[in-house]
Amino acid sequence: MGFMDKLKNKMQMGRGRAKQQTGRAVGNPKLESRGKAERVGGGAKQVGEQVKDAAKNIKDALKPPSR
């Protein structure tokens, strides 16, 4: 996974957390739920990218050594 993908996912999670906390602070349940959805979406993307990384590492480990 590229550095930029990791950064984008982390930023999405951070924005979601900020929206969620702001919604909770001002008593706006819609903003809070949108923030939670954005945070969870960023986390899901992050997990998907980590699975791709793990698969690539396994593929590389099973590759025969070069001579």
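The values are calculated or read from the model by the stated rules, or taken from the named source; none is laboratory data. Being a predicted model, the structure only gives us computed values, none of them experimental. Cβ sites come from the backbone with ideal geometry, for glycine too, and all protein chains shown count toward neighbours.
List the residue pairs whose Cβ atoms are under 9 Å apart, where the first residue sits in the range 11-30 and is without any contact (Cβ under 8 Å) to a residue 60 or more places away in the chain and under 22 Å from Gln46 (Cβ atoms), the second is surrounded by 15 or more Cβ atoms within 10 Å (Cβ to Cβ) and of a type in the set (S, T, N, Q), and the two are 6 or more positions apart or on different chains.
Once the first residue is without any contact (Cβ under 8 Å) to a residue 60 or more places away in the chain and under 22 Å from Gln46 (Cβ atoms) and sits in the range 11-30, its partners that are surrounded by 15 or more Cβ atoms within 10 Å (Cβ to Cβ) and of a type in the set (S, T, N, Q) give Gln12/Gln46; Met13/Gln46.
Condition (residue is in contact with a helix residue (DSSP H, G or I) (Cβ under 6 Å, 6 or more places away or on another chain), assigned to a helix (DSSP H, G or I) and of a type outside the set (Val, Ile, Thr)) applied to the range 46-60: is it met by at least one residue? Walk me through it before giving the result.
Initial filter on the range 46-60 (in contact with a helix residue (DSSP H, G or I) (Cβ under 6 Å, 6 or more places away or on another chain)): 46, 49.
Then drop every residue that is not assigned to a helix (DSSP H, G or I), which leaves 46, 49.
Checking which are of a type outside the set (Val, Ile, Thr) leaves us with 46, 49.
Yes, the range 46-60 has at least one match.
Which one of Lys30, Lys52, Lys36 is at pLDDT below 95 and not hydrophobic (A, V, I, L, M, F, W, C)? I'd like the intermediate steps shown before the answer.
Numbers: Lys30 fails: at pLDDT below 95; Lys36 fails: at pLDDT below 95.
From the options Lys30, Lys52, Lys36, the qualifying one is Lys52.
Within the set of pairs 6 or more residues apart or between chains, which connect a residue that is touching a residue at least 12 places away in the same chain (Cβ under 8 Å) inside the range 44-61 to a residue that is surrounded by 11 or more Cβ atoms within 10 Å (Cβ to Cβ) and outside any helix (DSSP H, G or I) with Cβ atoms less than 9 Å apart?
Taking only residues 6 or more apart or on different chains, the pairs are Gln46/Met1; Glu49/Met1; Gln50/Met1; Lys52/Met1; Asp53/Met1.
Which of the residues that make up the range 55-67 are within 23 Å of Gln12 (Cβ to Cβ) and either at pLDDT below 90 or surrounded by 11 or more Cβ atoms within 10 Å (Cβ to Cβ) (or both)? Give the steps one after another, and end with the answer.
Narrowing the range 55-67 to residues within 23 Å of Gln12 (Cβ to Cβ): 55-56.
Within the range 55-67, just Lys56 meets the criteria.
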